[in-house]
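S.K.: Here it is, the structure in full.
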């Protein structure tokens, strides 16, 4: 069976530290995977390596049958992988619209846009883009589409997170990597955002998602399968119920003795 994403033997070293140590990971189309583990276990490093921000010392990354190991981020993005970051990377003084447009810069045909400019048809093209963005934002909030031309700095934390996720989704990726999307939010806001993501999944059933999250209630709610990392190694892979019963996971992540 060919998986959408196949990570084999992935290793990353930072000096004498092994951030990833022979990681094996796979994901199928439409699957939602929770990636969990204590701080420093290699979760974000795995995202950074898959998306080309960090070069591996060994191993391979294959996506949709293609070897994308050590390819630059722009190449990975064009192949259909989008991501968010732990810390918001929005252009806060620009509008929601502008931030969403930034997310499409790799897929827009600049020759077509130049031709539209020459023919004076740019206004109609922007109107179509605006409608598409409003439709995307509506998955997350009924009021956010009306704020399309407001600066991001005027938004609440949860709405900023929504914009960041929408920016990643604007290119219609096949795989979405979410790195702690609930960071900086209240439990109620986290619950809202998870409902939003479930709405997106319902609208795009083929979309695969890997979610890094420390809130175990979120992982239990949205992930069909979980992978647990510790010191750069995979120590468990299975359903939420299975991995949380694993003695190695309870020692590494939950801080409990194996016989507790």
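S.K.: On a 0 to 90 degree scale, rounded to 10, what angle separates helix 157-169 from the longest Cα axis of the chain?
M.R.: Around 80 degrees separate the two axes.
S.K.: Also, I was wondering about something else. Kirkwood-based Rg over Rh for the chain (C-alpha set), two decimals?
M.R.: Dividing the radius of gyration by the Kirkwood radius yields 1.00.
S.K.: Label-point separation (nm) for residue 67 and residue 237, each offset 7 Å from Cα along Cα-to-Cβ?
M.R.: For the pair residue 67/residue 237, the computed spacing is 2.0 nm.
S.K.: Another question, if that's okay. Take residue 78 and residue 24, extend 7 Å from each Cα along the Cα→Cβ direction, and tell me the distance between the two endpoints in nm.
M.R.: In this crude spin-label approximation the distance works out to 3.3 nm.
S.K.: Quick check on the chain: helices-only [θ] at 222 nm, where DSSP H runs of length 4 and up contribute -39,500 (n - 2.57) each and the sum goes over total residues. Nearest 500, please.
M.R.: Numbers: 10 runs with 98 residues, N = 260.
For the chain, the value works out to -11000 deg cm²/dmol.
S.K.: Relative contact order of the chain, please, whole-number percent, based on alpha carbon pairs below 8 angstrom and at least 6 residues apart. All intermediate terms of the calculation are to be shown ahead of the outcome.
M.R.: Working: 459 pairs, mean separation 69.9, N = 260.
The normalised contact order for the chain reaches 27 percent.
S.K.: Would you mind ranking 43, 234, 201 so that the residue whose beta carbon has the fewest other beta carbons within 10 Å leads the list?
M.R.: Values: 43 25, 234 21, 201 18.
Going from sparsest to densest Cβ surroundings: 201, 234, 43.
S.K.: Suppose each label sits 7 Å from its Cα in the direction of the beta carbon; what would the residue 214-residue 251 distance come out to in nanometres?
M.R.: The answer from the label model is 2.3 nm.
S.K.: Once you have the Cα-Cα distance between residue 206 and residue 150, take 0.36 nm times their residue separation minus that, and quote the gain in nm to one decimal. Before the final figure, lay out the partial values.
M.R.: Numbers: separation 56, 0.36 × 56 = 20.16 nm, distance 3.16 nm.
Extra length from residue 206 to residue 150 when fully extended: 17.0 nm.
Each reported figure results from applying straightforward, stated rules to the coordinates on display, with no laboratory input. Keep in mind that what you see is a predicted model, and the values were worked out from it rather than measured. We place every Cβ from the backbone using ideal geometry, glycine too, and count neighbours over all the protein chains shown.
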